[in-house]
Amino acid sequence: MTRKNKEIVGVLNKKSAFLNGLRDGIPIGLGYFAVSFSLGIEAQNAGLSFFESFLASFFCNASAGEMAGFTVIAAKGTLFEMALITLIANIRYVLMSFAIGQRVNPKTSVIHRFLIAYGLTDEIFGISIAKSGYINPFYSYGAILCAGPCWWAGTVIGNIAGNLMPIRLVSAFSVALYGMFLAIIIPAGKKDRIIAALIAISFAASFSASYIPFICDISTGTRIIVLTVVISLAAAILFPHKGEEVIDNGN
Amino acid sequence: MEINTYFYLTVMALVTYAVRVLPLVLIKHEIKNRTFRSFLYYVPYVTLAVMTFPAIVDATQSPIAGIAALIIGVLLAWLGAKLFTVAACCCVAVLIVEFILV
């Protein structure tokens, strides 16, 4: 298909792309609900009201980022610390945003770029980048309109019900988020030995840092930032990543 | 000094959106620097790993339940289970272990 034909098909398919996005957003939304439920519990532990945790999820749509942010709020950190840790926890989106940017039709209005960015989560990035040809913005809109509300609702319900739920269930749900993180990093480690080694090193470093005297007094947020930058930078210098694939979204 | 929660949330939202939108809107050519690309490639895995452990062990009532969740999670993810399955099984592992221990 020529580029011109692709464009025409893209325009004709606005509606079907949107519906496809909605459909593909369903399993993502289900996963989000469970995970954001545990995020809601974290938010509540950090002292956020249900409305505040709704705002956080509505404006951020980011598991690791929100989690890191809640850590800073809980520790009453500075706004600078908040900005830095949010940046670090979300830095992977620079790459995803960049990758998506290369796949959007150059003639697409900039408004679409602004809107796609809002719904650019790991999973939506994954299903969007997997499509061939130019990315149809309406596909992303469908996906985020389905998955997003699940994410926000999960956070709010987790925040409210975290209080009412038996402690056994709270304890169980609180690991859902970490389970999701494992589901992202472990398959990548299976494919790439360097990543596997980095995961092991990160576990060990993070574990040591939380017990070594003096270092363990540094706030959790700062510890995450420092360890991430040091380990990733060392890996980037020692083992520059080959290959063209940008990121593995772990699905 | 007590900082209003809404300031925290504003900073969080602005930084998160900036990270997602700026490359999409501003950079339309390819960044070639290999170290920079490698750094961005490794960051998500390192961050998530650092955030997961030992936090997963401290998140539960009994540390043993957290360790069980970690082992189950790693195992299932290694075997290629879907994101939702891994997350759900970690929860169930905690539930079972704590039912016995706590």
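Only the coordinates and a few stated rules stand behind these numbers; no lab work does. Predicted model only: the values in this text are computed from it and were never measured. Quick reminder, even Gly has a Cβ in these numbers, built from the backbone with ideal geometry, and neighbours come from all protein chains shown.
Observations on the structure shown:
- Taking every residue in the range A:104-122 that is over 22 Å from A:Asn90 (Cβ atoms) and pairing it with any residue that is in a helix (DSSP H, G or I), at least 6 positions away or on another chain, the pairs with Cβ-Cβ distances below 8 Å are A:Asn105/A:Glu7; A:Asn105/A:Gly10; A:Lys107/A:Glu7; A:Thr108/A:Pro137.
- So A:Tyr93, is it of a type in the set (Ser, Thr, Tyr) and buried (at least 23 other Cβ atoms within 10 Å of the Cβ): yes
- Hits in the range A:44-70 - residues which are surrounded by fewer than 24 Cβ atoms within 10 Å (Cβ to Cβ), more than 7 Å from chain B (Cβ to nearest Cβ) and over 19 Å from A:Asn163 (Cα atoms): A:Phe58
- Taking the range A:77-172 and the helices (runs of 4 or more DSSP H) fully enclosed by it, the elements with 2 or more residues that are closer than 23 Å to B:Thr10 by Cβ and within 15 Å of the chain's Cα centre (by Cα) are at A:79-90, A:92-103, A:110-118, A:137-164.
- If the condition is being at the interface with chain B (Cβ under 9 Å from one of its Cβ atoms) and farther than 10 Å from A:Ile88 by Cα, then the range A:219-229 contributes A:Thr220, A:Arg223, A:Leu227.
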